[in-house]
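The values are calculated or read from the model by the stated rules, or taken from the named source; none is laboratory data. If you're wondering where the values come from, they're calculated on a predicted model, not measured in any experiment. Here the Cβ positions follow ideal geometry from the backbone for every residue, glycine too, while neighbour counts run over all protein chains shown.
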Amino acid sequence: MMRRQIDVLVVGAGPAGLAAASLLAATGARVEVLEREQRAGGVPRHCAHRGFGDRPRTLTGPAYARLLADAARWAGADVRTGVTALDWAGPRTLTTVGPQGAETLAARAVVLATGARERPRAARLVPGTRPAGVYTTGELQQAVHLYGQHIGTRAVIVGAEDVSHAAADTVRAAGAAVVALVTELPRAPAHLARTLDARLRHRTPLLTGTTVTELLGHGRLSGVRVRHRDGRTATLPCDTVVFTGDFVPDHELARRGGLTLDPATRGPAVDGALRTSRPGVFAVGSVLHAVESAATAAREGAHAATAVRDWLAGTTGTAGTTENSGNTGNTGRGAEGDADWPSGVPLIAAPPLLRVTPNRVTPNRVTPADRLPYILRTAIPLTRPVLYVTQDGRPLHRERFLLTTALPHRPLTLTARWAHRVDPGGGPVRVTVA
Ligand SMILES: Cc1cc2nc3c(=O)[nH]c(=O)nc-3n(C[C@H](O)[C@H](O)[C@H](O)COP(=O)(O)OP(=O)(O)OC[C@H]3O[C@@H](n4cnc5c(N)ncnc54)[C@H](O)[C@@H]3O)c2cc1C
């Protein structure tokens, strides 16, 4: 099997991986980005709607994907499509397979940017038959926008988040009708404008407090059975159902590599510089938190580039030596330098908060690169919440959100200004809400 050495290996050419690759290639590092799909750009490739880019979010997904992929190539990154990273062959070495066959790539630093995947119907334990016409959002968008396939005539959308409305738009773009958006939540979780647009402009019913209990039909889907919170049941006739919004980090490589996973996000645990538990391995984007905006993913890619540069330059850990690689042209301090890699104190979001990213704190390493704000999610609406950060009962920070109602399915951002107060030898840091 062919074996090559490079400086930085980025796995995944979505917004996060491409943003990291652009900045790193611009510094002169040899950067390769591997993308298992035939085109670079990640999820935005098949999101035809507008809403991408930094504010104002006016770009369509494909335009945004092209912009990022072009920027990475112009900066000098080698963006290779149709190539999948399969497994680890060393701490920073991966086996890959692509059109040219199998290859082993040894890198001085690895950036995991593998994104998230949607849980399919089977994983959501919806009983019933197994007819055709059952999609996730990603499958629907690829069928319609990438392959121009016919998807049916009447669709029920399971979920009512922003991503569910994007799925509804795709159904309409394919010439089919949206029968209803169905959510178990007591109120619509999407931005108000999207909910009103669905209700008033498209006249699409939005069924809150409603659960899909069964899929019906043999061969082709003929309907879905639903149960309202008051116990009433009904059948919605349809030939298509789209399960939306239930994302999990695509953490397969992280898991196979034995990287520490955060129990709340199920992605690799990372500190404020987006360092994973393995020296020289970083993680960015939806693999950390399924799913925030593409701009957030790209920002994390750019942020991690600073820490990767530090690692390559030898200011953290082993100066980015390639294992078994002989002379890598840097001043590496030897393998024992891996011990300098910060393990970080766990950061835990207490209920009703669901998760926080980053989820490790490395207090004695608080450089500008460590000041990425923390992104939280909540299970229930919180009106004007006050967040407390404590360690072993010691208060570290208190933040009031006077003008904010934190909602499920929306990010809540907490400053990292308190991170230097954390005791590296102390217990986990907790974020609680009052
Ligand atoms: C339906 C939908 C609508 C959305 N709408 C918006 C919107 O309007 N505005 C907005 O800002 N955000 C939107 N988002 C969110 C946005 O798409 C994500 O935040 C963003 O794509 C995350 O970027 P990423 O690079 O982390 O992951 P992805 O975009 O998921 O990219 C990860 C890439 O890694 C590749 N990959 C994974 N494993 C491997 C491997 N082993 N080897 C090689 N390649 C691999 C994948 O093929 C993929 O291309 C939407 C998301 C969805 C699903």
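Some points to look at:
- Enumeration of residues in segment 175-201 that are part of a loop (DSSP other than H, G, I, E, B) and either modelled with pLDDT of 95 or more or closer than 22 Å to Ala122 by Cα (or both): Gly175, Ala176, Thr183, Glu184, Leu185
- Search result, residues across segment 228-250 that are aliphatic (A, V, I, L, M), crowded, with 16+ Cβ neighbours inside 10 Å and modelled with pLDDT of 95 or more: Leu236, Val241, Val242
- Matching entry among Leu140, Leu207 (being touching a helix residue (DSSP H, G or I) at 6+ places or on another chain (Cβ under 8 Å) and among the aliphatic types (A, V, I, L, M)): Leu140
- Those residues of segment 370-407 which are assigned to a loop (DSSP other than H, G, I, E, B), closer than 25 Å to Leu274 by Cβ and in contact with a Ser or Thr (Cβ under 7 Å, 6 or more places away or on another chain), in sequence order: Pro373
- Note on segment 109-171: enclosed strands (runs of 3 or more DSSP E) holding 1 or more residues that are on the phi < 0 side of the Ramachandran plot and at pLDDT below 95 are 116-118, 134-136.
- Only listed residue being surrounded by 17 or more Cβ atoms within 10 Å (Cβ to Cβ), within 13 Å of the ligand (Cβ to nearest atom), without any contact (Cβ under 8 Å) to a residue 12 or more places away in the chain and among the hydrophobic types (A, V, I, L, M, F, W, C), chosen from Leu9, Leu34, Leu59: Leu59
- Selection of segment 42-53 for residues being within 7 Å of the ligand (Cβ to nearest atom) and not aliphatic (A, V, I, L, M) yields Gly42, Pro44, Cys47, His49, Gly51, Phe52.
- If only residues of segment 264-280 that are within 14 Å of the ligand (Cβ to nearest atom) and among the hydrophobic types (A, V, I, L, M, F, W, C) are counted, the one that is nearest to Ala20 (Cα to Cα) is Leu274.
- Residues in segment 282-298 that are closer than 12 Å to Ala21 by Cα and not β-branched (Val, Ile, Thr): Ala298 only.
- Among residues of segment 251-277 that are assigned to a helix (DSSP H, G or I), those with a beta-carbon under 6 Å from a residue that is surrounded by fewer than 18 Cβ atoms within 10 Å (Cβ to Cβ) at least six positions away or on a different chain give the pairs Arg256/Asp87.
- Residue count for segment 282-308, restricted to those that are more than 7 Å from the ligand (Cβ to nearest atom), part of a helix (DSSP H, G or I), in contact with a Leu (Cβ under 7 Å, 6 or more places away or on another chain) and not small (Gly, Ala, Ser): 3
- Matching residues in segment 157-192 - criterion: being more than 19 Å from Thr210 (Cα to Cα), surrounded by 24 or more Cβ atoms within 10 Å (Cβ to Cβ) and more than 10 Å from the ligand (Cβ to nearest atom): Val171
Condition check ((1) modelled with pLDDT under 95; (2) under 24 Å from Ala379 (Cβ atoms); (3) within 15 Å of the chain's Cα centre (by Cα); (4) crowded, with 20+ Cβ neighbours inside 10 Å) across all residues:
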| position | (1), (2), (3), (4) |
| --- | --- |
| Val226 | no, yes, no, yes |
| Glu252 | no, no, yes, no |
| Gly285 | no, yes, yes, yes |
| His289 | no, yes, yes, yes |
| Thr306 | yes, no, no, no |
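- Among the residues of segment 262-308, those that are under 22 Å from Phe247 (Cα atoms) and of a type in the set (Val, Ile, Thr) comprise Thr265, Val270, Thr276, Val284, Val287, Val291, Thr296.
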